[in-house]
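These notes are about the structure you will find just below.
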Amino acid sequence: MAKEPVRVLVTGAAGQIGYALVPMIARGVMLGPDQPVILHMLDIPPAAEALNGVKMELVDAAFPLLKGVVATTDVVEACTGVSIAVMVGGFPRKEGMERKDVMSKNVAIYKSQASALESYAAANCKVLVVANPANTNALILKEFAPSISVKNITCLTRLDHNRALGQVSERLNVPVSDVKNVIIWGNHSSTQYPDVNHATVKTPAGEKSVRELVANDEWLHGEFITTVQQRGAAIIKARKLSSALSAASSACDHIRDWVLGTPEGTWVSMGVYSDGSYNVPAGLIYSFPVTCCNGIWTIVQGLPIDDLSRKKLDLTAEELTEEKALAYSCLS
Ligand SMILES: NC(=O)C1=CN([C@@H]2O[C@H](COP(=O)(O)OP(=O)(O)OC[C@H]3O[C@@H](n4cnc5c(N)ncnc54)[C@H](O)[C@@H]3O)[C@@H](O)[C@H]2O)C=CC1
Ligand SMILES: O=C([O-])CC(=O)C(=O)O
């Protein structure tokens, strides 16, 4: 029997990530090739005409799985009945800007949209915040939508995770699909810690550790980490626009694995509400290694953390604590 359509909200849908993301969702990349969807697209009035243009193109593309499109500037209409909410709406960083520069504009949006999601989305709606500062926007959304379960509010660090897989794959000249279990710890910012201590590569002789195969700690502790941390800025420098196709694709990976589950023996990175695991302060949205099963994420427990990693986990937590305080000062 055909499945009932799922309503998926994309905010900021007239923007560049939105433009890459909505066709992926309509093609089944996010929820699977047999899952019909109804797209809800929200943007602000100055972008209404462009948003309508995106709607026209979705009609023109005749996606078999796409059972309806709501394109609106009304946040209530956008949020009504959605089971998945991908929050991309906001102002992106431009060349020369620090993430903190986008803070005051964006956290206010997340405070107001929290209430709309809480009141009008489907019960158990899964929320993914993409817009920067992603962790702190997600935290503000959580704080101003107290009836939404903390298990349902996440932010995107899967792009950083995928960037780390990509760097290892290029370095070792192996298919990216054979690399797994990197970890992004902390903030989706340049203090994040891309960690390969537990990462492996599939080889004809079984799984091998990335650290052993690379056999160059100087690269792993230096250039590898900074390349992943600075990749967003490098893309902005090259394109004069921030990452869009890779962000859209990673958002699909995030929701797909959350809803449909992670493969056995594989974890992914998600920004989730800290419960104090790995001595990360509780009450932050922090990126951890997680596995997903039956629509529920669980932080991978018990990984050994060496001294160098400990310092990096703490540094990015400190930045998130500061961002939280700054966000509240912007809102007051
Ligand atoms: N977490 C991650 O890995 C990544 C996050 N980002 C962030 O994603 C966000 C979107 O990036 P782009 O699509 O490149 O930006 P964009 O400027 O092309 O699109 C953003 C869209 O949001 C809309 N918007 C603004 N305020 C809104 C509101 N209150 N409600 C609904 N829509 C609203 C704008 O009109 C625009 O159409 C930025 O904050 C960017 O920094 C970008 C790349 C990666
Ligand atoms: O760096 C930025 O502003 C955009 C972003 O989040 C990324 O590409 O990771």
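Read-outs: derived from the displayed coordinates by stated rules, not from any lab. It should be emphasised that the depicted structure is a prediction, and the values quoted were computed from it without experimental measurement. Note that each Cβ is placed from the backbone with ideal geometry, even for glycine, and that neighbours are counted across all protein chains shown.
Among PHE91, PHE288, PHE63, PHE224, sorting on how many other beta-carbon atoms sit within 10 Å of each Cβ, with the fewest leading, yields PHE91, PHE63, PHE224, PHE288.
Computed from the alpha carbon atoms alone, the convex hull of the stretch 1-153 holds 108 Å³ per residue. Annotation for the stretch 30-113: GluC sites (Glu not before Pro) lying in DSSP loop with at most 12 further Cβ atoms inside 10 Å of their Cβ are GLU95, GLU98. In plain terms, the C-alpha convex hull of the stretch 152-283 casts an average shadow of 9.0 nm² when viewed from every direction.
Of the residues ILE184, ILE235, ILE255, the one with the fewest other Cβ atoms within 10 Å heads the list, and the complete ranking is ILE235, ILE255, ILE184. For the stretch 165-209, applying the loop criterion from DSSP together with a ceiling of 12 other beta carbons within 10 Å to the trypsin sites (Lys or Arg not before Pro) yields no site.
Of all DSSP-defined beta bridges confined to the chain, some 50% are antiparallel rather than parallel. For the stretch 214-318, the calculated P(r) over all alpha carbon pairs, in 10 Å bins from 0 to the bin holding the longest distance, is 12, 33, 40, 14, 0 percent. Fewest neighbouring Cβ atoms within 10 Å first, the residues CYS330, CYS155 line up as CYS330, CYS155.
Summary value for the chain: 17 percent relative contact order, contacts being C-alpha pairs under 8 angstrom separated by 6+ residues. Calculate how steeply helix 16-26 sits against the longest principal axis of the alpha-carbon atoms of the chain, using the helix alpha-carbon long axis, and give the answer as 0 to 90 degrees to the nearest 10. It works out to around 80 degrees.
Within straight-line reach of LYS311, meaning a Cα separation under 21 Å, sit the following lysines at least 8 residues removed in sequence or on another chain: LYS324.
Local charge for TRP258 was computed over the other residues whose Cβ lies under 12 Å away, with Lys and Arg +1 and Asp and Glu -1, and equals +2. Distance between the C-alpha centres of the stretch 23-78 and the stretch 128-160: 22 Å, rounded to the whole angstrom.
May I ask you to list the trypsin sites (Lys or Arg not before Pro) in the stretch 221-312 that are in a DSSP loop and have at most 16 other Cβ atoms within 10 Å of their Cβ?
Those satisfying the criteria are LYS240.
Out of every Cα-Cα pair that the chain contains, those further apart than 35 angstrom amount to 18 percent. Take every Cα pair under 8 Å whose residues are at least 6 apart in sequence, average their separation, divide by the length of the stretch 6-155, and the relative contact order is 23 percent. For the chain, modelled as a GNM whose springs connect Cα atoms under 10 angstrom apart, the maximal fluctuation among THR154, THR136, THR321 occurs at THR321.
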